[in-house]
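S.K.: So that we are looking at the same thing, I have put the structure below in structure tokens.
Just so it is clear, none of the values below were taken in a lab; they were calculated from the coordinates. In this text, all values refer to a predicted model and were calculated from it rather than measured experimentally. Reconstructed Cβ throughout: ideal geometry from the backbone, glycine too, with neighbour counts over all protein chains shown.
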Amino acid sequence: MVKAAHSRATNPGTTPGTPSRTRILVAGGGYVGMYTAIRLQQQLRRELEQGEVEIVVVSPAPYMTYQPFLPEAAAGSISPRHVVVPLRRVLNRCKIVIGEVRSVDHAKRTASFTTLASEEEGAGAVPIRYDELVLAPGSISRTLPVPGLAEYAIGFKTVEEAIGLRNHVIEQMDIASSTREPALRDAALTFVVVGGGYAGVEALAELEDMARYATRYYHNIKPADLKWVLVEASDRILPEVGEAMGTYAIRELRARNIDVRLGTRLDSCENRVAVLSDGSRLPTRTVVWTAGVKPAPVLAATDLPLNERGRLKCTAELTVEGAEHAWSAGDAAAVPDVTAQVPGTECAPNAQHAVRQTKVLAENIVASLRGQPLKTYAHKYVGSVASLGLHKGVAHVYGRKLKGYPAWLMHRAYHLSRMPTFNRKARILAEWTLSGLFKREIVSLGSLEHPRAEFELAAGGVPSRPLARRHEDPPMSARESRRRQAPRTGPGPSAASAAASGDALGGTQGGTQGGTPGDTPGEDRRRRDPDAPGPGSGAG
């Protein structure tokens with residue numbers, strides 16, 4: 001029985017006199033938001049059935065992306081559909097709203113959010129009242145004011161970016177195979193990855209594996225023709241696995257002819273030339289930015305306390321400091337590490353803590369509703385694993401150091417065990433088995449990014465994107481692709497006249513990098529439900 005006596009939100013649709021219910025608002029459908037909601041609907045099943053509680057999940061996407069598997073999805077080892085989990089399938093006792101939380105006024109227990117419908121109708125933000133708030137918007141790419149970054153680079157945080165990058169790499173090999181210009185060929189076969197953390201190293205390693213394998217199908221491209229460059233500002237890579245394993249990873253990458261540049265920064269990437277702080281100028285058509293993340297900007301649009309890094313100040317019980325009935329975990333939360341020897345240490349914003357925090361978070365919310373004492377989150381970091389491509393990896397777990405095949409196997413086993421739902425686990429395991437028996441599929445499906453181009457041409461209009469993407473175009477972000485391919489629903493200029501002004505579909509031209517200050521979290525992550533019928537992009 002729910003014993004909380006604080007102000008309750010009125011349930012929309014109830015008739016006067018109907019008892020109100022406790023509304024739990026979960027802002028964010030990422031790993032923390034989804035798993036917290038799953039555990040809440042399990043532990044509050046009786047209250048949900050009796051109408052005493054309702055759980056509302058507001059998420060910018062209809063699915064949760066399991067980011068540790070994005071490198072394998074980009075390399076083709078896993079279908080992109082299987083690294084995402086449909087929220088409506090796993091949160092069958094929750095109300096799912098596909099939208100973006102814009103602001104929170106916790107003093108009034110009110111949040112505002114926008115949906116695709118409200119934006120289409122021009123209605124603006126929609127208010128929603130709540131009794132308990134779980135603020136878990138996650139993080140976005142942390143970018144720097146590097147000239148050309150927004151125009152020519154691509155990130156690696158979403159499944160769309162993983163698919164787009166895979167298509168782009170194969171497309172560059174197609175360009176290099178068919179051009180007669182040596183300069184264009186060299187630029188097409190040069191790939192620059194900025195950031196030596198998990199995302200950068202694993203993405204580079206998997207894509208390099210894929211590209212090297214693909215050269216067997218090109219009569220005039222050899223593995224030695226490919227140039228991969230890893231740019232890292234510090235003096236080491238993969239700091240989470242320890243210095244020894246990080247040094248081994250550098251040796252492994254360099255043995256594969258990968259140029260690892262330590263103590264080096266990207267100064268600019270304008271006009272398809274990557275200029276590094278060591279003076280190098282690398283003509284390239286591919287720049288991947290993985291240099292860290294930062295808290296979602298929506299946190300600044302709340303009346304909740306933030307630390308100097310923009311994360312929510314939280315207690316060890318995962319409540320927001322000084323704010324009753326407000327909770328957080330994961331990337332958005334600065335949670336004290338009670339197991340650390342140094343006072344004031346915070347839990348690192350990584351998947352290992354996020355996985356375990358959701359369990360304590362859900363239990364504490366239920367305990368709060370039932371008037372029971374709260375638990376303290378305490379977890380000692382056990383180590384890390386990282387993949388360096390097929391059958392290669394590094395690991396530092398429980399003080400033991402592993403490398404090569406054992407580390408790679410541990411990496412796969414650990415993340416498979418953490419993948420939500422048995423359905424996804426079984427599908428991924430089946431795909432790994434099939435990929436071990438058959439050859440890789442090396443094909444670019446870049447046309448999926450602008451599927452209306454051929455029809456526009458057939459209908460007598462001007463395609464919003466050419467059927468074969470121009471070789472000077474950077475990989476499109478999900479937001480840019482969606483804006484260029486979505487048909488108009490209201491009056492406006494014709495496709496031809498709009499094309500003359502630079503946008504054949506009448507939409508605005510967004511940048512390709514979603515980590516600039518001021519971006520709304522999840523703005524470039526509104527995607528289709530991966531289990532919805534009809535043609536898809538492979539990512540749903």
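S.K.: Where does each of 174-180, 77-83 land if you order them by average Cβ count within 10 Å, highest first? Please list the in-between numbers first.
M.R.: Working: 174-180: 15.3, 77-83: 21.9.
Sorting 174-180, 77-83 by mean packing, highest first, produces 77-83, 174-180.
S.K.: Also: Between the alpha-carbon centers of region 406-425 and region 275-338, tell me the distance in whole angstrom.
M.R.: 26 Å
S.K.: Right, something else. What are the extents of the Cα atoms of region 132-241 along their three principal axes, listed from largest to smallest and rounded to whole Å?
M.R.: Between the extreme Cα coordinates on each principal axis of region 132-241 lie 61, 30, 29 Å.
S.K.: Can you tell me the alpha carbon radius of gyration of region 367-428 divided by the globular rule-of-thumb value 2.2 N^0.38 Å?
M.R.: On the way: Rg = 16.8 Å, N = 62, 2.2 N^0.38 = 10.6 Å.
That ratio works out to 1.59.
S.K.: I would also like to ask the following. From the C-alpha coordinates alone, can you work out the Kirkwood hydrodynamic radius of region 49-175, in Å?
M.R.: Numbers: mean 1/r = 0.0569 Å⁻¹.
Its Kirkwood hydrodynamic radius stands at 17.6 Å.
S.K.: Among 309-320, 60-71, 215-226, how do they line up from the highest to the lowest mean number of other beta-carbon atoms within 10 Å?
M.R.: Numbers: 309-320: 19.9, 60-71: 24.2, 215-226: 14.1.
Sorting 309-320, 60-71, 215-226 by mean packing, highest first, produces 60-71, 309-320, 215-226.
S.K.: Sticking with this structure for a sec: Note down the magnitude of the dipole of region 231-287 about its Cα centre, charges +1 on Lys and Arg C-beta and -1 on Asp and Glu C-beta and zero elsewhere, to the nearest 20 debye.
M.R.: Numbers: 9 positive and 9 negative charges, 58 e Å.
Rounded to the nearest 20 debye, it is 280 debye.
S.K.: Hey, another quick one. Which value results for Rg/Rh of region 247-346 when Rg is the Cα radius of gyration and Rh the Kirkwood radius based on the inverse mean 1/r? Walk me through the numbers on the way to the answer.
M.R.: Details: Rg = 20.2 Å, Rh = 17.4 Å.
That ratio equals 1.17.
S.K.: Towards the positive end of the charge dipole of region 122-170, with charges on Cβ (+1 Lys, Arg; -1 Asp, Glu), say which of Val159, Ile170, Ala123 has the farthest Cα.
M.R.: With unit charges placed on the Cβ atoms, the residue in question is Ile170.
S.K.: Which semi-axis lengths, in whole Å and largest first, follow from the square roots of five times the eigenvalues of the Cα gyration tensor of region 220-264? The partial results should precede the final answer.
M.R.: Details: eigenvalues 107, 29, 7 Å².
Rounded to whole Å, the semi-axes are 23, 12, 6.
S.K.: Against the globular-protein guess of 2.2 N^0.38 Å, express the Cα radius of gyration of region 77-144 as a ratio, rounded to two decimals.
M.R.: Values: Rg = 15.3 Å, N = 68, 2.2 N^0.38 = 10.9 Å.
This ratio for region 77-144 stands at 1.40.
S.K.: So, by mean Cβ neighbours within 10 angstrom, what's the order for 247-259, 94-106, 158-170 with the highest one leading?
M.R.: Top of the packing list down: 158-170, 94-106, 247-259.
S.K.: What size of dipole, in debye to the nearest 20, comes out for region 347-434 about its Cα centre when the only charges are +1 on Lys and Arg C-beta atoms and -1 on Asp and Glu C-beta atoms? Could the numbers behind the result be given before it?
M.R.: Values: 14 positive and 2 negative charges, 31 e Å.
Around 160 debye, computed over region 347-434.
S.K.: Related question: For region 280-425, compute Rg over Rh where Rg is the Cα radius of gyration and Rh is the Kirkwood radius from the inverse mean 1/r over Cα pairs.
M.R.: Details: Rg = 18.7 Å, Rh = 17.9 Å.
Radius of gyration relative to Kirkwood radius: 1.05.
S.K.: Rg to Rh for region 175-323: what is it, with Cα atoms only and Rh by Kirkwood?
M.R.: My calculation of the ratio gives 1.11.
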